Structure formats: structure tokens, C-alpha cells
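Peer 1: Below is a structure I'd like to ask you about.
The values are calculated or read from the model by the stated rules, or taken from the named source; none is laboratory data. Computed from a prediction, not measured in an experiment: that's the story for all the values here. We place every Cβ from the backbone using ideal geometry, glycine too, and count neighbours over all the protein chains shown. Remember, those area values only see protein heavy atoms, side chains included, never the ligands or the DNA or RNA. Shrake-Rupley method; radii C 1.70, N 1.55, O 1.52, S 1.80 Å.
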Amino acid sequence: MELSLPLLETQFKSWKGCPLSENANPVFGEGDAKAAIMFIGEAPGEQEDKTGRPFVGAAGKFLDELLASINLKREEVYISNVVKYRPPANRDPTDLEKEQCMPWLKLQIALIKPRVIVPLGRHALGHFLKNTTISNAHGKAHKLTDLVTIFPIYHPAAALHNGGLRQALYDDFKALGEFLKSIG
Ligand code: URA
């Protein structure tokens with residue numbers, strides 16, 4: 001049997017390799033299984049845990065607005081997280097939790113084969129670009145291979161706490177939209 005995204009999701013739902021799964025629901029990811037662009041957040045929050053869907057709370061509403069600002073709908077992209085279960089009280093995920101969940105993200109990327117990967121915030125960024133920070137790397141294309149570009153953007157939740165970042169996020173999405181146009 002050949003591995004597909006739906007099969008991976010089914011297998012993921014019975015996985016118990018991360019202790020967060022004892023007290024939270026699995027949030028695999030959603031969107032177009034053949035998306036050219038993949039957005040990767042940190043970990044599910046309360047609404048995501050309740051619904052089993054990524055980015056459906058306040059940060060998700062803002063992400064939808066940002067996508068709309070460059071004429072993208074969430075069904076046209078793929079949205080996922082590094083950590084697949086909500087950490088208690090939305091604390092930062094630990095390095096161990098990120099490592100435990102990482103094989104699933106790697107398999108999602110291998111199956112979807114996006115041309116552009118957008119890490120949202122520092123937790124996701126750290127898995128793609130080392131030796132940099134989100135404040136230095138955001139809003140710019142970082143070529144990984146001839147076929148894959150990493151385009152980091154601040155986490156949308158950051159703008160909910162720091163209003164000054166709102167415009168930076170819109171500017172980064174504008175730059176992302178221009179980059180997407182440039183690669184056709
Ligand atoms: N924040 C994230 O990083 N991911 C979600 O799915 C929701 C909020």
C-alpha cells in the first residue's frame with residue numbers, strides 16, 4: 001500500500017509517541033494535499049484542540065485575513081503545526097515535544113511537496129533555518145533547494161499581543177504574494 005496524506009492522518013490518530021496526546025486531541029493539519037505553499041505554526045491552541053483543526057481561533061482568523069490580502073483561501077494552501085497536540089495552558093512546546101512530533105511534519109512535507117514553506121514564528125523557523133532569528137529572517141525568500149524556498153513570517157498570534165506587528169505581517173504577506181507571482 002502506498003503512503004498518502006489521508007493514510008498518514010489515519011495512522012497519526014492512533015500514535016501515542018508524544019505525552020501531550022494523553023490530555024489533548026490530535027490536530028494533523030488541513031488543506032490542499034497538493035498545495036504549492038504550506039504554512040507551519042507552532043502548536044494547537046484551545047479552539048484547535050476542540051475542533052481538531054489548525055488555526056481556527058483568534059490567530060487563525062487573522063491568518064485567514066492575511067491569506068485573503070494576497071487572494072489566497074485556506075483550501076488552496078496546506079496549514080499544519082510543528083507540534084500536533086495542544087500544550088497545557090498554551091505553554092511553549094518543549095524541544096522534546098517538537099522532536100517527538102517532527103517525523104509527522106516531515107512526512108507531510110514529503111507527501112505534499114510544497115514549493116514554498118512558510119514557518120510562522122520562531123518555533124517553526126528553527127526547524128528550517130538555523131543560526132538566524134525570526135526578526136532577521138521574516139518576509140524574505142530563503143532558497144533551500146532549486147525546488148523549495150523557505151519564506152518565514154511572524155506568527156499571527158504575535159500581532160494579537162503586539163499591535164505594532166500587524167502591519168509587519170501584512171507587509172510580509174505582500175512580499176510573499178510577490179514572490180509567489182515571481183515563481184509562477
Ligand atoms: N497557533 C499555532 O501555532 N497553531 C495553531 O494551530 C493555532 C494557533
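Peer 1: Is it possible to state the helix-based mean residue ellipticity at 222 nm for the chain, with each DSSP H run of 4+ residues giving -39500 (n - 2.57), the sum divided by total residues, to the nearest 500 deg cm²/dmol? What is it?
Peer 2: Result for the chain, helices only: -12000 deg cm²/dmol.
Peer 1: Roughly how big is the chain's charge dipole about its Cα centre, with Cβ charges of +1 (Lys, Arg) and -1 (Asp, Glu), in debye to the nearest 20?
Peer 2: My answer is approximately 220 debye.
Peer 1: Give the Rg (one decimal place) followed by the Dmax (whole number) of the stretch 36-95, computed from C-alpha coordinates and expressed in Å.
Peer 2: Answer for the stretch 36-95, Rg first and Dmax second: 11.8, 35 Å.
Peer 1: Mind jotting down the distance between the C-alpha centroids of the stretch 10-41 and the stretch 115-184, whole Å?
Peer 2: Each part's Cα centre sits 21 Å from the other's.
Peer 1: Using just the Cα positions, wrap the stretch 84-137 in a convex hull and report its mean projected area in square nanometres, one decimal place.
Peer 2: If I average the Cα hull's projected area over directions, I get 4.4 nm².
Peer 1: Calculate how many DSSP beta bridges within the stretch 28-183 are antiparallel, expressed in % of all such bridges and rounded to the nearest 5.
Peer 2: Roughly 25 percent of the DSSP beta bridges within the stretch 28-183 come out antiparallel.
Peer 1: Just tell me, in residue order, which DSSP H segments of the chain are both 20 angstrom or longer along the helix axis (alpha-carbon based) and at least 0.0 in mean Kyte-Doolittle hydropathy.
Peer 2: 95-112
Peer 1: Please find the FRET efficiency linking Thr133 to Glu2, where r is the Cβ-Cβ separation and R0 is fixed at 35 Å, and quote it to the nearest 0.05.
Peer 2: Using R0 = 35 Å, I get an efficiency of 0.35.
Peer 1: What full-extension length gain, to one decimal in nm, is calculated for Lys61 and Glu178 as 0.36 nm per residue of separation minus the Cα-Cα distance?
Peer 2: That works out to 39.9 nm of additional length.
Peer 1: Separate question: One quarter of the convex hull surface, Cα atoms only: what value does that give for the stretch 134-184 in nm²?
Peer 2: So the mean shadow area of the Cα hull is 3.6 nm².
Peer 1: If you take the Cα atoms of the chain, find Rg, then find the Kirkwood Rh from the mean of 1/r over all pairs, what is Rg/Rh?
Peer 2: Result: Rg/Rh = 0.94.
Peer 1: Please build a GNM for the chain, connecting alpha carbons under 10 Å apart, and tell me which residue among Thr132, Thr145, Thr51 fluctuates the most.
Peer 2: Highest fluctuation of the listed residues: Thr145.
Peer 1: Using DSSP loop states and a limit of at most 12 other Cβ atoms within 10 Å to flag trypsin sites (Lys or Arg not before Pro), what is the longest stretch of the chain containing no flagged site?
Peer 2: 131-184
Peer 1: For the stretch 1-41, with all protein chains present and a 1.4 Å probe, just round the carbon and sulfur fraction of the accessible area to a whole percent.
Peer 2: Whole-percent figure for carbon plus sulfur exposure: 51.
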